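Accompanying notes for the structure given below.
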Amino acid sequence: MRFEVVHTTRYAYAQPVTFSDHRLIFRPRAGHDIRVIDDSLTVNLPHSVRWIQDAFSNSVAFVTLLCPGTLLEFVCRFTIEHLGVRNTDLPLEPRAMHIPLQHTPDEWIDLQAYMRPHTEDPDGVLAAWAKSFLDRSRDTREVLAQMMNDVRDGFAYQAREVEGTQPPLDTLRMRSGTCRDYAWLMIEALRRLGIACRFVSGYLYDPALDSGDGGGVLGAGATHAWLHVYLPGAGWVPYDPTNRLTGGHSLIRVAYARHPGQAIPLSGSWYGSASDYLGMNVEVSVRRLGG
């Protein structure tokens, strides 16, 4: 399947303001299942662009704005071919079939950053929630499925415009959040079971929206977030607790990170009076190309 993604961000100001460099992460992560056909970045103000690879090998664009403006607009566009993967069909090594997983010496070294919890859990509430799934089964894939079921069926999805990600304890206490909150909760819970996880930011294809029948999944029409779980034998496997997805064609990955703050799609600063800021508008389109 081929997909086109267009992500437009506009900032408006009452009078011309100046800008710091802006950092964008929008180019998809290519692999054996995703091929990037083309990509482009359009900025309405005079600018220069430099590209780097960050610590996670994400493609990052730094945009230097060369003059003040009352409108700053970024249009990120790319086309990919998505072959899809049935991740649950990938066989696990025997040492990964049950929790706790067993890792080789190299894996222990390579995965440490993704196994170490990032957030505090002073009263062990998050750890207790994670370990409660082991009371039902020690089968690795069953535990992962049950945790996704609990989030999908027992939490209320609440879209919000506020930037940032809720602490996992808040998401667990309120039993509500966005896709990035759900992914972060599951990551930090699984890390407390000794399982390596990483945060994934990208986009979600919704066939229902594409056909004009209304949304069929949660998180489409905006940037989306899920997680990768490292399972020996299968490698990094995607899990989307918001929609209970484990593969297929719907998840279009852009960035990997140890925690959500490292995978912000667009960041930067402006300089002027606080009253100059008139607001931000974001539009995301993900559509399938061809029949």
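What the Cβ-Cβ distance of His118 and His249 gives, at R0 = 35 Å and to the nearest 0.05, is a FRET efficiency of 0.70. For Gly69, the amide hydrogen comes within under 5 Å of the amide hydrogens of Val17, counting only partners 5 or more places away or on other chains and with H modelled in the peptide plane. Whole-Hz Karplus values for region 70-76 come out as 9, 9, 10, 10, 10, 10, 9 Hz, taken residue by residue from phi with 6.51 cos²θ - 1.76 cosθ + 1.60 and θ = phi - 60°; glycine and proline positions read x. Computed log10 I(q)/I(0) for region 1-139 at 0.13, 0.16, 0.19, 0.21 Å⁻¹: -0.90, -1.02, -1.14, -1.24, from the Debye equation with unit scatterers placed on every C-alpha and solvent omitted.
Under a 5 Å amide H cut-off, with hydrogens placed 1.01 Å from N, Leu245 pairs with Asp240 among residues at least 5 apart or on other chains.
Which FRET efficiency value, to the nearest 0.05, do you get for Ser57 and Asp135 by plugging their Cβ-Cβ distance into 1/(1 + (r/R0)^6) with R0 = 35 Å?
Once rounded, the FRET efficiency stands at 0.35.
The helix-based estimate of mean residue ellipticity at 222 nm for the chain, built from -39,500 (n - 2.57) per DSSP H run of four or more residues and divided by its residue count, is -6000 deg cm²/dmol to the nearest 500. Helices meeting the span-like rule in the chain (full DSSP H runs, Cα extent of at least 20 Å along the helix axis, mean Kyte-Doolittle score of -1.0 or higher): 140-154. Counting only Cα atoms, region 87-262 measures 49, 37, 32 Å along its principal axes, largest extent leading.
Computed from phi, the 3J(HN,Hα) profile of region 223-229 under the Karplus parametrisation 6.51, -1.76, 1.60 (θ = phi - 60°) reads 5, 10, 9, 8, 9, 10, 10 Hz, with x in place of Gly and Pro. Multiplying the residue separation of Thr42 and Trp108 by 0.36 nm and removing their Cα-Cα distance gives an extension gain of 19.6 nm. Subtracting the Cα-Cα distance of Leu289 and Tyr277 from 0.36 nm times their residue separation leaves 0.6 nm of extension gain. Peptides 225-236, 34-45, 183-194 ranked from most to least packed, by the mean per-residue count of other Cβ atoms within 10 Å: 183-194, 225-236, 34-45.
FYI, it's all coordinate maths here, none of it is from the lab. It should be emphasised that the depicted structure is a prediction, and the values quoted were computed from it without experimental measurement. With ideal geometry, Cβ positions are generated from the backbone for all residues, glycine too; neighbour counts draw on all protein chains shown.
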